[in-house]
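Colleague: The structure that follows is given in the form of structure tokens.
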Amino acid sequence: QVQLVESGGGLVQAGGSLTLSCAASGRTFSNYAMGWFRQAPGKEREFVAVITRSISSTNYADSVKGRFTISRDNAKNTVYLQMNNLKPEDTAVYYCAAGAIVSMTSSHYGYWGQGTQVTVSS
């Protein structure tokens, strides 16, 4: 089992920045690809970013490319999502997830955090 706990969400004005953190415990963190997803009210959960086990590769949704950066510190069992130039359409609950493969598909992730709310005001 892997337990994931997100933090760092909040209310920010458009154009502002936030950094989300996701602390992992349980099985070896470095064995898992780590992803961030988000879900806005009335919408399906959508892929945001993913990082490989070895930090050698990342991938982003087109909507956040150039504004968001995913990173991880395997020594601290933590994955981060740096979000810059935030827009009102980024408002959502953000979830981190751990999976055995690198994927943009939520069903490929076996472990999820409880989510953290990000609200961007215009």
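The values are calculated or read from the model by the stated rules, or taken from the named source; none is laboratory data. All figures in this text were calculated on a predicted structure; none of them were measured in a lab. FYI the Cβ positions are ideal-geometry reconstructions off the backbone, even for glycines, and counts take in every protein chain you see. For the accessible areas, the whole protein counts, side chains as well, though only heavy atoms, and no ligand, DNA or RNA atoms are used. Shrake-Rupley method; radii C 1.70, N 1.55, O 1.52, S 1.80 Å.
Colleague: May I ask for the distance between the Cα centers of region 1-72 and region 79-105, given as a whole number of Å?
Modeller: So the separation of the two Cα centres works out to 3 Å.
Colleague: When only C-alpha pairs under 8 Å and at least 6 residues apart count, what is the relative contact order of region 1-91, in percent?
Modeller: Relative contact order, region 1-91: 31 percent.
Colleague: Excluding same-chain residues fewer than 8 positions from K87, which lysines have a Cα within less than 16 Å of its Cα?
Modeller: K65
Colleague: Quick one: if you stick a label point 7 Å off each Cα along the C-beta vector at K76 and T28, how many nm between them?
Modeller: Each label point lies 7 Å from its Cα, and together they span 2.2 nm.
Colleague: Using a 1.4 Å probe on the protein heavy atoms, what percent of the accessible area of the chain belongs to carbon and sulfur?
Modeller: 48 percent
Colleague: Further, regarding this structure: Can you list the aspartates and glutamates whose alpha carbon is less than 16 Å from that of K43, not counting same-chain residues fewer than 8 positions off?
Modeller: Within reach: E89, D90.
Colleague: At each listed q (0.13, 0.20 Å⁻¹), what is the log10 of I(q)/I(0) that the Debye formula gives for region 50-105 modelled as equal alpha-carbon point scatterers?
Modeller: -0.35, -0.82
Colleague: Out of the trypsin sites (Lys or Arg not before Pro) in region 59-122, which ones are loop residues according to DSSP with at most 15 other C-beta atoms within 10 Å?
Modeller: K65, R67, K76
Colleague: Accessible area per residue, 1.4 Å probe, Å², for region 7-110: what's the number?
Modeller: Values: 5040 Å² over 104 residues.
Computed with neighbouring chains in place, this is 48 Å² per residue.
Colleague: Using only the Cα atoms of region 14-83, build the gyration tensor, take square roots of its eigenvalues as a ≥ b ≥ c, and label the shape rounded, prolate or oblate: rounded if a/c is under 1.5, else prolate if a/b is larger than b/c, else oblate.
Modeller: Taking the square roots of the gyration eigenvalues as a ≥ b ≥ c, region 14-83 is prolate.
Colleague: Percent antiparallel among DSSP beta bridges with both residues in the chain, to the nearest 5?
Modeller: Roughly 90 percent of the beta bridges in the chain run antiparallel, per DSSP.
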